[in-house]
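**Student:** Structure incoming, see below.
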Amino acid sequence: MRVAILGAGAIGAYVGAALHRGGTEVHLVARGPHLAAIRKRGVEVLSPRGDWVARTPATDDAREIGPVDVVFLGLKANSYATCGPLIEPLLHDKTAVVAAQNGIPWWYFHGLPGPYEGRRIESVDPGGEVTRVLSLERAIGCVVYCSTELVGPGVVRHLEGTRFSIGEPSGGLSDRCLEFSAAMIAGGLKCPVEEDVRNDIWIKLLGNAAFNPISALARATMVEIAQHQGTRAMVRLMMEETLEIAKAVGCTPDISVDKRIDGAERVGEHKTSMLQDLEKDKPLELDVILAAVVELADLTGTKAPTLRAVHAVADLLSTKVGTTAARAV
């Protein structure tokens, strides 16, 4: 199996290094000083589980790689619609795209029986722009339970978590998911193939939809939000509303709101990805994390007043930050 990591930032480079360690043929697509460092020294991984170096091929030109069996998409979701020139050289007829994104994916209603089957979510796929670049048939869902950071060009610090849950939009256990899962496991990662990956999407989104925008608005860490009486109460309301919306579209994740908040508090002085983007003057990943949830509330007639209020303020904030698309998760 040949795998290309498109967007080899903190998560992408870590996955690429792990796959390489497990014996998979991996090619990284990176740029700038990060690319130069990888070419010179490989990907250096610093981890509580042990440090290692993966000397993987790397390039800024996907044409040098050619078609692969799997593209692991490590780009921010807000750059999917414009990634066509980057990803097209990597595709053959059966290439799968494992999209390691936060929030609601562009393929959410693809293959999902029910009243909304095949419906496009405008917030994440405006005018079908993403679907034109990333066809629905290629998509494999991926929910990331792993925290990493780039501490220097070519150097990834693994903080916690090794789980990458994957699954077909249509459900079931496909050969392509099982093969990719085996490669990830061989590299030392957890990669369960879920028959209903949407359940994992909502469980993670429960935290993202609440903590991410509040962290950006308040410039606060996870523990600060969880320990402040007012914001903790707001997070609880947002999570309860998110669960109502999930139920309205047919998903009932089995999770306690209080346990989810307590788990976030234990993470400590961690800045969410949205706060990190804000501090770097990068676009906020608001569409897939919160705007899509509000859109689904509209679709299902769910009130969600707290989500709507926070989204309105966060949306205003997002108009005041940079316009250069972020490249890596």
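The values are calculated or read from the model by the stated rules, or taken from the named source; none is laboratory data. Computed from a prediction, not measured in an experiment: that's the story for all the values here. Because the Cβ atoms are built from the backbone with ideal geometry, glycine has one as well, and the counts that use them run over all protein chains shown. Each accessible area value is taken on the protein alone, full model and side chains, heavy atoms only, with ligands, DNA and RNA left out. Shrake-Rupley method; radii C 1.70, N 1.55, O 1.52, S 1.80 Å.
**Student:** Please figure out what share of the DSSP beta bridges in the chain is antiparallel and state it in percent, rounded to the nearest 5.
**Tutor:** Numbers: 13 of 36 bridges.
Within the chain, antiparallel bridges account for around 35 percent of the total.
**Student:** Here is a further query. Determine the alpha carbon to alpha carbon distance for each of 190/282; 204/320; 247/280; 76/190; 280/320 and list only those over 24 Å.
**Tutor:** Pairs exceeding 24 Å: 190/282; 204/320; 247/280.
**Student:** For a Förster distance of 30 Å, can you work out the FRET efficiency between the beta-carbons of residue 256 and residue 299, rounded to the nearest 0.05?
**Tutor:** Efficiency computed from Cβ-Cβ geometry: 0.70.
**Student:** Please report how far the C-alpha centroid of the stretch 47-98 lies from that of the stretch 156-226, rounded to the nearest whole angstrom.
**Tutor:** Spelled out, the Cα-based centre of one part sits 18 Å from the other.
**Student:** If you don't mind, another one. Need the full-extension length gain, residue 266 to residue 82, defined as separation in residues times 0.36 nm minus the C-alpha distance. One decimal, nm.
**Tutor:** 62.6 nm
**Student:** Would you kindly state how much longer the chain becomes between residue 218 and residue 39 on full extension, computed as 0.36 nm times their sequence separation minus their alpha carbon distance, in nm to one decimal?
**Tutor:** Details: separation 179, 0.36 × 179 = 64.44 nm, distance 3.92 nm.
Here the answer is 60.5 nm.
**Student:** Hey, another quick one. Considering only protein heavy atoms, what per residue accessible area in square angstrom results for the stretch 34-83 with a 1.4 angstrom probe?
**Tutor:** 44 Å²
**Student:** Taking the Cα centre of the chain as the origin, how large is its charge dipole in debye, to the nearest 20, when only Lys and Arg (+1) and Asp and Glu (-1) carry charge on their Cβ atoms?
**Tutor:** On the way: 35 positive and 40 negative charges, 159 e Å.
Its charge dipole is roughly 760 debye.
**Student:** If you don't mind, there's one more thing I want to ask. Roughly how many nanometres apart are two label points built 7 Å out from the Cα toward the Cβ at residue 132 and residue 248?
**Tutor:** 3.0 nm
**Student:** Please identify every one of the GluC sites (Glu not before Pro) in the stretch 197-282 that sits in a loop by DSSP and has no more than 14 other beta carbons within 10 Å of its own beta carbon.
**Tutor:** 269
**Student:** Could I ask something else about it? Would you be so kind as to identify which of 158, 134, 290 lies farthest towards the positive end of the dipole of the chain, taking Lys and Arg as +1 and Asp and Glu as -1 on Cβ and the Cα centre as origin?
**Tutor:** 158
**Student:** Still on this structure: 222 nm [θ] for the chain, helices only, -39500 (n - 2.57) per DSSP H run of 4+, per residue, to 500?
**Tutor:** -12000 deg cm²/dmol
**Student:** Something else about it: Between residue 117 and residue 160, with labels modelled 7 Å along Cα→Cβ, what's the label distance in nm to one decimal, could you check?
**Tutor:** 4.1 nm
**Student:** Give the calculated FRET efficiency between residue 93 and residue 312 to the nearest 0.05, with a Förster radius of 45 Å applied to their Cβ-Cβ distance. Working shown, then result.
**Tutor:** Working: r = 44 Å, r/R0 = 0.97.
It comes to 0.55.
**Student:** List the GluC sites (Glu not before Pro) within the stretch 64-144 that fall in a DSSP loop (any state other than H, G, I, E or B) and whose Cβ has at most 11 other Cβ atoms within 10 Å. Don't jump to the answer; show the numbers that get you there.
**Tutor:** On the way: sites: 64, 117, 122, 129, 137; in loops: 117, 122.
When the GluC sites (Glu not before Pro) of the stretch 64-144 are filtered for loop state and at most 11 Cβ neighbours within 10 Å, 117 remain.
**Student:** How large, in percent, is the carbon and sulfur part of the accessible surface of the chain at a probe radius of 1.4 Å?
**Tutor:** Result for the chain: 50 percent of the exposed heavy-atom area is carbon or sulfur.
**Student:** To continue, here is another question. Go ahead and run the numbers for FRET between residue 228 and residue 185, Cβ-Cβ distance against an R0 of 51 Å, rounding to 0.05. Display every interim value, and only then the final one.
**Tutor:** On the way: r = 40 Å, r/R0 = 0.78.
It comes to 0.80.
**Student:** On to the next question. Between the DSSP loop rule and a limit of at most 10 other Cβ atoms within 10 Å, which chymotrypsin sites (Phe, Trp or Tyr not before Pro) in the stretch 173-267 are left?
**Tutor:** none
**Student:** Still on this structure, I have one more. For the stretch 28-135, give the share of DSSP beta bridges that are antiparallel, in percent and rounded to the nearest 5; count only bridges with both residues there.
**Tutor:** Here the antiparallel bridges make up roughly 35 percent for the stretch 28-135.
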